[in-house]
Amino acid sequence: MNCEAKKMMIIEEDMVKEVIIKEGRRIDDRGFKDYREIKIEKGIVKNAEGSSLVEIGGTKVIAGVKLEPGDPFPDMPNEGVLVVNAEFVPFSFPEVLPGPPDENAIELARVIDRIIRESKSIELEKLQIPNTKKVWKVAIDVIVLDNDGNMKDAAILASIAALLDARFPSYKIESEEEIKVDYATKTEERLPIQRIPFGVTIAKITGKLMIDPNLIEEEAAEAILTVGGFEENSKLFLCALQKAGNKGFTYDEIVQAIDIGLEIGKSLVKILK
Amino acid sequence: MTNLVNEKGIRLDGRRLDEMRKIVARAGVLKRADGSGYFEFGNTKAIAGVYGPRPIPKFLEEEERSVLNVIYYMAPFSTKERAPPGPTRRSREISLVIKRALESIIFLEEFPRTTIDVYIEIIQADASTRCAAINAAAIALADAGIPMRDLVSSVSVGKIDGKIALDIAGKEDEEGEADMPVVYFPRRKEITLLQMDGIMTKEEFQQALKLALKGCEIVYKAQTEALRKKYEEIELDSLVQEIDNQIN
């Protein structure tokens, strides 16, 4: 970032804080528990088995799911394999350098992975390919196109939307070791998804909690918490947490943030169904 | 699957649910590093070394503060199966969250255009490696004489056999239902690192976080004691020298 842009950023961060303290409102006039406008479009990439484009305000993320036969992990011979990767396209924000994913992209991928894996969203044991030694490998690749804040929630939504969109390609079992896949022809068979988890990010700015921080709020935030969870039999469960930001939360703030995350997450998954 | 907790609430290694493994904390364990620390949770052993504040390549420097660089690394022999050398996705994420936790306590703004390097090596791993790493790193930073608001202290809590337990280890790590590392900044009563994976209800989470904060207070005592021990020794040495000088 050049010097002028950095100075502008500091002025804007101060404005974000000032309107919260003095006027009790957010810089873009949203409620403290309001998302920006969310748009979800499924099936945008023909070559992927499942895909989605998610926008939260100005943040744009594409997720693609590819399904391919592969070897299971030696310690889980009967379970399918889940792989999550995330990348920032170099034009998505000025600090991105072209090249392999940096630690922030790695963190993003690992948070998505944890929410999907720990909620046992995909029934991995149903991904064994009958009469073979192979299992299906579910690869989720997330690409951030435009970062206007809260990439995490957009990426989590996009990943889950792409999983729900995915259909198996048609395939033929040649032998125990060989499966021929015809990626050009999709079947009607969908992934075994038993739970739809959510991820809700909460920022603390001047001691006040609010969901879905935009870019400038993210910069102004003292601390940020992403709450992963799911609802089952009308009971809410936590499945993953990740704190960011270089300052802390008090015990009471964390407890309050988790309440907000679970409450908002419950309604967030409805837009996926 | 074995039972991780028996009917009396005793765990496989004989601990109660709210009991930590044996802690060892030492300050100043390395000669060359500007500051160093060592921390053990039972069989998990971490060494941290700190260099800096020192010059940083111009394109990386920041005008108004020192750049904190944290590298968490696992020795290839630290795990049961050899860990491939070099950074992994896991170690890079852990380095990032440790960095965030440490940034909250260091007066980085006092050393613009410099870097502070914190290198942490896990020698032996038996769960809670990131917690041991942070505890060692906080001691090392203090030992390096870097101005800090406080130390930070870390433990993990988890859910085993449906019960909340402090400082998960061994089989509990492999078979437990949830794992949650926490970093605490006691002077501000703030939580500066929080991660969780596994399934918990809201009530279980609150119980777990309270237990973690209690554990962090114990760790904090051990860390301050380690630092006190080292510097008391030095004071004694210098006194002896002073007396020697007077006699000669």
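Below, the figures for the structure above:
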item	result
Options A:Ile27, A:Ser159, A:Ala221, ranked by Cα towards positive dipole end of the protein assembly as shown, top entry (Cβ charges)	A:Ser159
Sum of -39500 (n - 2.57) over DSSP H runs of 4+, divided by residues of chain A (222 nm, nearest 500)	-9000 deg cm²/dmol
Contact order relative to length of chain B, as percent, for alpha carbon pairs under 8 angstrom and 6 or more apart	21 percent
Residues of region A:229-244 buried by at least 50 Å² on assembly (accessible area, 1.4 Å probe, chain alone as reference)	A:Leu238, A:Leu241, A:Lys243
Inter-chain Cβ neighbour average for residues B:92-100, partner chain, 10 Å	5
Of all DSSP beta bridges in the protein assembly as shown, antiparallel share, percent nearest 5	85 percent
Sorted largest first, extent of region B:23-243 alpha carbons per principal axis (Å)	58, 47, 38
Given charges at beta-carbon only (K, R positive; D, E negative), |dipole| of chain A in Debye	620 debye
Estimated 222 nm signal from helices in chain B, with DSSP H stretches of n ≥ 4 weighted -39500 (n - 2.57), rounded to 500	-11500 deg cm²/dmol
Folded to 0 to 90 degrees: helix B:89-103 orientation relative to chain B principal axis, Cα	60 degrees
For the pair A and B, total buried accessible area rounded to nearest 100 Å², probe 1.4 Å	3100 Å²
In degrees, nearest ten, helix B:202-247 long axis to first principal axis of chain B (Cα)	30 degrees
Share of pairwise Cα separations in region B:17-139, more than 20 Å, in percent	45 percent
3J(HN,Hα) from dihedral phi, region B:3-14, Karplus parametrisation 6.51/-1.76/1.60, rounded to Hz, x for glycine, proline	6, 8, 10, 7, 5, 8, x, 9, 8, 3, 8, x
Computed over region A:10-272, the ratio Rg/Rh where both radii use C-alpha atoms and Rh is Kirkwood	1.01
Separation of alpha-carbon centers, region A:27-59 and region B:154-186, rounded to whole Å	35 Å
For chain A, accessible area per residue (1.4 Å probe, heavy atoms of protein chains only), Å²	45 Å²
For region A:40-115: rounded, prolate or oblate by the Cα gyration tensor [a/c cutoff 1.5]	oblate
Inter-chain shielding of B:170-182 (mean C-beta neighbours from other protein chains, 10 Å cut-off)	1
Dipole magnitude of the protein assembly as shown about its Cα centre (Cβ charges: Lys, Arg +1; Asp, Glu -1), debye to nearest 20	640 debye
Region B:15-85 - charge dipole about Cα centre, Lys and Arg +1 at Cβ, Asp and Glu -1, debye rounded to 20	520 debye
Qualifying GluC sites (Glu not before Pro) for region A:1-102 [loop in DSSP, other Cβ within 10 Å: at most 13]	A:Glu37, A:Glu95
Farthest toward positive dipole pole in region A:10-272 [+1 Lys/Arg, -1 Asp/Glu at C-beta], among A:Phe168, A:Val138, A:Pro74	A:Phe168
Binned Cα-Cα distance frequencies in region A:105-249 - 5 Å width, integer %	2, 9, 16, 18, 16, 13, 10, 7, 5, 3, 2, 1, 0
Nearest-ten-degree value, helix A:251-268 long axis tilted from longest Cα axis of chain A	50 degrees
Accessible area of region A:142-257 belonging to carbon and sulfur atoms, whole % at 1.4 Å probe	45 percent
Accessible-area ranking of A:Lys17, B:Lys221, A:Lys7, A:Lys42, largest first, probe 1.4 Å	B:Lys221, A:Lys7, A:Lys42, A:Lys17
Average other protein chain Cβ within 10 Å of Cβ, residues A:116-123	2
HN-Hα J in Hz across region A:221-238 - Karplus 6.51, -1.76, 1.60, θ = phi - 60°, x for Gly and Pro	5, 7, 8, 9, 10, 9, 9, x, x, 7, 10, 9, 6, 6, 10, 9, 10, 8
Value of D in µm² per second that Stokes-Einstein yields for region A:193-273, Kirkwood Rh from Cα pairs, at 4 °C (1.567 mPa s)	100 µm²/s
Protection proxy ranking of B:164-172, B:130-138 - average other beta-carbon atoms within 10 Å, highest first	B:130-138, B:164-172
Cut-off 11 Å between beta-carbons: net charge of the residues surrounding B:Asp13, Lys and Arg +1, Asp and Glu -1	+2
P(r) tail fraction, region B:1-73 - alpha-carbon pairs more than 15 Å apart, %	70 percent
Residues with amide H under 5 Å from that of A:Leu145, placed H, sequence gap 5 or more	A:Lys60, A:Val61, A:Ile62
Residues whose placed amide H lies under 5 Å from that of A:Gly43, excluding near-sequence neighbours	A:Ser51, A:Ser52
Principal axis dimensions, the protein assembly as shown - Cα atoms, whole angstrom, descending	94, 57, 42
³J(HN,Hα) computed for each position of region B:119-127 - Karplus, 6.51 cos²θ - 1.76 cosθ + 1.60, integer Hz, glycine/proline x	10, 10, 10, 8, 8, 9, 10, 8, 6
Set of lysines near B:Lys58 by C-alpha distance (under 23 Å), chain-local residues within fewer than 8 positions excluded	A:Lys6, A:Lys7, B:Lys99
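The values are calculated or read from the model by the stated rules, or taken from the named source; none is laboratory data. Note that this is a predicted model, so its numbers are computed, not measured. A quick note on method: Cβ atoms are made from the backbone with ideal geometry, for glycine too, and the neighbour counts reach across all protein chains shown. Side chains are part of the model used for accessible areas, which takes the heavy atoms of the whole protein and leaves out ligands, DNA and RNA. Shrake-Rupley method; radii C 1.70, N 1.55, O 1.52, S 1.80 Å.
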